[in-house]
Amino acid sequence: MAGLLDGRVALVTGGESGIGAASAVALAQAGASVSILYFRDKGLADGVAAQVTAAGAKATTVQADLGDEAQVAAAFAAVTQALGTPDLLVNSAGLNMSGTNVTDMELAQWDRLIRTDLTGAFLTSRALARGLRDAKKPGRIINISSIHGQAVRAGGADYCSAKAGLENLTRTMAIEVAPMGITVNAIAPGMILTPMNVRAETDAGYRASLEHNIPIGRAGRADEVGAMVVYLCSDAAAYVTGAVLTIDGGLSLEAALGA
Ligand SMILES: NC(=O)c1ccc[n+]([C@@H]2O[C@H](COP(=O)([O-])OP(=O)(O)OC[C@H]3O[C@@H](n4cnc5c(N)ncnc54)[C@H](O)[C@@H]3O)[C@@H](O)[C@H]2O)c1
């Protein structure tokens, strides 16, 4: 993969943790400069930046709440100043489902999740497209969705709706920015071992009970999603746009199990 993305400038949201962190490192190993957009934990972001630098790439970190329009604009300005106009965007930041049924869900909970998992990607994608339009450069947007964009779960109306929206944002934007040389794709992971799945990381029995449902027989790793991100950013994926690529070890194929 070395040299595949030389000269490219990536911005990774949720870059301090899980799939975002693994994507940041994978992009750096492929040669891209990487900005790590983090929310609260600068220490984590600095740790990922150190891995990016160790891979021989330039790194910068920038703090933002992605649901806030002004903070997203300021973050893009800071990254552009530090590394140049970003031309690769990975929208990995997200909150997990609340586990609350709609009947009991507060509007504040619904708003919090939609703002982070859907509005955040709208704001960053718009900022990337505007920057590339001004710079007259092509680019790539990769949205980290979920198999729950299609396969719903009780207690997940906030998350499932945000991810379904993210997939339609992906498709709509793909046709809008295709003439600008920008592709927009989504990745739909199944069960990936990250802090979002902390119980599966720490409780072997719980993890085994979930892995039992996965045809490949194990949970996925964040670096396996990172490899798909690099593919979608590479020339090999130049003709792929508006796609949702599933990476779940076959989990979503078993949706009718027990029917
Ligand atoms: N882990 C899985 O099994 C799995 C499965 C399917 C989809 N996903 C998706 O992958 C993406 C990454 O999740 P992960 O597993 O790496 O989890 P994670 O909890 O490790 O990472 C989520 C990141 O989002 C950031 N974030 C949350 N709210 C934010 C805000 N308002 N502004 C900026 N950043 C914010 C957090 O700081 C964190 O870095 C998410 O969109 C998630 O929905 C994960």
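Rounded to the nearest 10 degrees, what's the angle between the helix 157-177 long axis and the longest principal axis of the chain, both from Cα atoms, 0 to 90?
Roughly 30 degrees, rounded to the nearest 10.
Among all lysine pairs in the chain that are eight or more places apart or on different chains, how many have alpha carbons less than 29 angstrom apart? Before the final figure, lay out the partial values.
Working: LYS42/LYS58; LYS42/LYS163; LYS58/LYS136; LYS58/LYS137; LYS137/LYS163.
Counting lysine pairs in the chain gives 5.
For ASP46 and TYR239 in the same chain, what is the full-extension length gain: residue separation times 0.36 nm, less their Cα-Cα distance, in nm? Present the calculation step by step, with values, prior to reporting the outcome.
Details: separation 193, 0.36 × 193 = 69.48 nm, distance 3.46 nm.
Going from the current span to full extension adds 66.0 nm.
Give me the one-decimal Kirkwood hydrodynamic radius in Å for segment 66-121, with the sum taken over alpha-carbon pairs.
Details: mean 1/r = 0.0766 Å⁻¹.
Answer for segment 66-121: a Kirkwood hydrodynamic radius of 13.1 Å.
Using the Cα gyration tensor of segment 72-170, with a ≥ b ≥ c the square roots of its eigenvalues, what is the shape: rounded (a/c below 1.5), prolate (a/b larger than b/c) or oblate (neither)? Intermediate values should be presented prior to the final figure.
Values: a/c = 3.36, a/b = 2.25, b/c = 1.49.
Prolate.
Can you pull the Kirkwood radius for the chain, inverse mean 1/r over Cα pairs, to one decimal in Å?
Values: mean 1/r = 0.0545 Å⁻¹.
Final number for the Kirkwood radius of the chain is 18.3 Å.
Please work out the C-alpha center-to-center distance from segment 1-73 to segment 86-118 and express it in whole Å.
That distance is 21 Å.
Bin width 5 Å, origin at 0, all Cα-Cα pairs of segment 200-241: what percent of pairs per bin?
For segment 200-241, the binned pair fractions read 5, 20, 17, 15, 13, 11, 10, 6, 2 percent.
Specify which residue in the list VAL184, PRO215, ASN197 is farthest towards the positive end of the charge dipole of segment 127-259, using unit charges on the beta carbon of Lys, Arg (+1) and Asp, Glu (-1), about the Cα centre.
VAL184
How do the peptides 174-181, 149-156 rank, highest first, by the average count of neighbouring beta carbon atoms within 10 Å per residue?
Working: 174-181: 13.9, 149-156: 16.4.
Taking the mean over residues of other Cβ atoms within 10 Å, the ranking is 149-156, 174-181.
Counting only heavy atoms of protein chains, what accessible area per residue, in Å², does the chain have with a probe of 1.4 Å? Mind dumping the intermediate values first?
Working: 11940 Å² over 259 residues.
Accessible surface, normalised per residue, equals 46 Å².
What base-10 log of the normalised intensity I(q)/I(0) is obtained for segment 136-217 from the Debye formula, alpha carbons as equal point scatterers, at q = 0.22 Å⁻¹?
Per q value, in the given order, log10 I(q)/I(0) is -1.03.
Using a Förster distance of 41 angstrom, determine the FRET efficiency expected from the C-beta separation of ASN101 and ALA77, and round it to 0.05.
Numbers: r = 41 Å, r/R0 = 1.00.
Once the sixth-power term is evaluated, E becomes 0.50.
For the chain, what % of the accessible area comes from carbon and sulfur atoms, probe 1.4 Å?
Working: 6500 of 11940 Å².
Roughly 54 percent, rounded to a whole number.
Arrange the peptides 46-59, 23-36 so that the one whose residues have, on average, the most other Cβ atoms within 10 Å appears first. Please list the in-between numbers first.
Numbers: 46-59: 17.9, 23-36: 27.4.
The peptides rank, most packed first, as 23-36, 46-59.
Can you compute the modelled spin-label distance between GLU69 and ARG199, with each label point 7 Å from Cα toward Cβ, in nm?
With each label placed 7 Å out from Cα toward Cβ, I get 3.8 nm.
The values are calculated or read from the model by the stated rules, or taken from the named source; none is laboratory data. Keep in mind that what you see is a predicted model, and the values were worked out from it rather than measured. Note: ideal-geometry Cβ built from the backbone for every residue, glycine included; neighbour counts use all protein chains shown. Accessible surface is based on the protein model in full, side chains and every heavy atom, while ligands, DNA and RNA are left aside. Shrake-Rupley method; radii C 1.70, N 1.55, O 1.52, S 1.80 Å.
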